[in-house]
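For reference, the structure is listed below as C-alpha cells.
Values in this text are rule-based calculations from the coordinates and carry no lab data. Everything numeric in this text was worked out from a predicted model, so none of it was measured. We place every Cβ from the backbone using ideal geometry, glycine too, and count neighbours over all the protein chains shown.
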Amino acid sequence: MAQHISRKELKKDEVRETLAHGAEAVLSHQQFVLFLAIGVILAAAGFYGWRAYTTRQTMKASMTFDAAMKVFQTPVGTLPAPGETSYATDPAKFTAAEGMFSGLAAKYPRTRAGHLARYYAALCDEKLGKPDDAKKWLDGLLASRDVYVAGLAKFELAALDDRTGQDAEAVKLYEELIAKPPVLVPKAVVMLALADHYRQKDPSKAAQLYGQIKSEYPDTPIAEQASRSLSLLPGQS
C-alpha cells in the first residue's frame, strides 16, 4: 500500500512539476512580451522625442537664417526702421551677415538652413574680398547631402575659380555641371557662363556655345542674351 501511495505521490509530483514548468513557460513568455512592449514604447518615445527635437532645431535654424538674410539684403545707407539696424557700407553689412551665417552653420549644421548658411557665408566672403575663405565654404558643400545646395555651391565655386584666374578648375566644374545639371542651376545658365569664360581666351569656343544655346533654347531670354553676346564677338555681325 505504501508502495502504491508512493507511486501515487510520485505521479502527483510529476504533475506538479509539469504544471510548474508550464507556468514558468507562460510567465517567461509574458515577461518577454512585457519587455518587448516596453522596448517598443521606449523606441517610439525616442523616435518622437528625436523628431520633436529636430523639428525645434529646424524651426530655430530657419528663424536665424531669415534674420541673417534680412541683413544680407538690407540696402546700404538707408534710415533703419524702428528696431532694425542700418549699415553705412557694404563691408559693414556683409561682415555682419557673414558672422550670422557662420554662427548658424556651426550651431545647426545638419539642417537645410545650416547648409544654406554656408553658401551665403561664402557669398559674403566673396563680397568682402576673401576668396580663399569663400572657397573653403563652397568646397565643404560639394559633398553635401542637400543636392540643391551642393549644386548651387558647385556653380558658385566655378564662377569664383573663373574670377580668380583658376581657368582649368573653372572649366572642369562648368563641364561637369553641363553634363549633369543641378536642379537649381539650369544647363543653359552654365553654358552661358562657360561661353562668357571663353570670350577673351577662345572666341571660337564661345561662339560655338552661344550658337548651341540659341539652337537648344530658342525664343527664351537666355537665347536672346546669347545672341547679343555672340554679336559682340570679333568677326561676328
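All of LEU138, LEU123 fail the test of being hydrophobic (A, V, I, L, M, F, W, C) and under 14 Å from the mean Cα position of the chain (by Cα), apart from LEU138. With respect to being small (Gly, Ala, Ser), within 24 Å of ILE213 (Cβ to Cβ) and surrounded by fewer than 19 Cβ atoms within 10 Å (Cβ to Cβ), ALA168 fits the description. Pull up the stretch 138-187, narrow it to residues that are in contact (Cβ under 8 Å) with a residue 24 or more places away in the chain and aromatic (Phe, Trp, Tyr), then point me to the one that is farthest from ALA206 (Cα to Cα). By that ranking, first place goes to TYR148.
Within the stretch 115-153, being among the small types (Gly, Ala, Ser) and buried (at least 23 other Cβ atoms within 10 Å of the Cβ) holds for ALA117, ALA121, ALA122, ALA134, ALA153.
Across the stretch 99-109, not a single residue is classified as of a type in the set (D, E, K, R) and either part of a loop (DSSP other than H, G, I, E, B) or crowded, with 23+ Cβ neighbours inside 10 Å (or both).
If you scan the stretch 122-136, which residues turn out to be assigned to a helix (DSSP H, G or I) and in contact (Cβ under 8 Å) with a residue 24 or more places away in the chain? Matches in the stretch 122-136: ALA122, LEU123, CYS124, ASP125, GLU126, LYS127, PRO131, ALA134, LYS135. Contact map, the stretch 63-87: first residue at positive phi, second residue in a loop (DSSP other than H, G, I, E, B) and crowded, with 17+ Cβ neighbours inside 10 Å, Cβ cut-off under 8 Å, separation 6 or more or different chains; pairs are GLY77/TYR87.
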